[in-house]
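Asks: Here it is, the structure in full.
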Amino acid sequence: MGVLGLRGVDLKSGELKGIRAARPVAALQRHAMMLVLLLSSLAASDRAQAACAPTSPVNNATVTCTGTTSGQNGNTGYGSLTDSGNTINVLSGASVTGIDTGVQLHDGTVNNAGTISVTNFSGVVAVTDLTVNNSGKIFGGTGAFAVAAGGILNLTNSGTLIATTNQPAITAFTANVFNSGTVSGGTRAISANNINLTNSGVMSGSDSVIFGVDVR
């Protein structure tokens, strides 16, 4: 296939005649070009869908989310329950969306200026301690929380936190909340064992605004 056979020259046109293998070589070149374009398209698609970097699982990292991130970690928009010490920055105009969880981690910080949402459970959830600085929007899913922490939650909200149906917007063992935005819970705005609240914004719930054993 690699040898060109020349059968002659057309004296009137000056063109070479009978260049065998020209068509197979051209076909191979076209196939190669199509493969390159396909791989480039797949890479671009992966970058568009996986818009939080670096990818999870990861520890002690600064994570930046831009564009649209949907299910980067399976049913979770971003993160895993083993991620520890990360600072996750969801930039203005960005969105992180999951089926079960929007953003999840073991412990760390979430700075949200975009939108975090979920279909089923919590918008942002941590196994232990969590710091959230929200100037954007965080939505809980069906029957779950906007923000949940198993330990101490330090939350500063100037944006919007919304939980639907039968759950509070914020829950933690200890919740230290500074709110100048909107917190709307299905049952309560905050439910925690210990609550330290400074509020200059709007907080609402169908049962009560807050519920806790020790409220200050």
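The values are calculated or read from the model by the stated rules, or taken from the named source; none is laboratory data. Small disclaimer: the values here were computed from a predicted structure and weren't measured. Methodologically, a virtual Cβ is constructed for each residue, glycine included, from the backbone with ideal geometry; neighbour enumeration extends over all protein chains shown.
Asks: For region 152-161, does any single residue satisfy the condition of being in the same structural domain as VAL209 (by TED's automatic domain parsing), within 19 Å of ASN199 (Cβ to Cβ) and among the small types (Gly, Ala, Ser)?
Replies: yes
Asks: While we're on this one: Among the residues of region 76-96, is there at least one that is part of a loop (DSSP other than H, G, I, E, B), among the β-branched types (Val, Ile, Thr), touching a residue at least 24 places away in the same chain (Cβ under 8 Å) and under 21 Å from THR142 (Cα atoms)?
Replies: No, region 76-96 has no match at all.
Asks: Of the residues ILE152, ILE190, which is surrounded by fewer than 19 Cβ atoms within 10 Å (Cβ to Cβ) and either modelled with pLDDT under 95 or farther than 26 Å from ASN75 by Cβ (or both)?
Replies: After applying the criteria, what remains is ILE152.
Asks: Would it be correct to say that GLY102 is assigned to a strand (DSSP E or B) and more than 20 Å from LEU161 (Cβ to Cβ)?
Replies: So GLY102 fails the test.
Asks: Now, a different point. Of all residues in region 118-132, which are part of a strand (DSSP E or B) and either crowded, with 19+ Cβ neighbours inside 10 Å or acidic (Asp, Glu) (or both)?
Replies: Scanning region 118-132 gives VAL118, VAL124, VAL125, ALA126, LEU130, VAL132.
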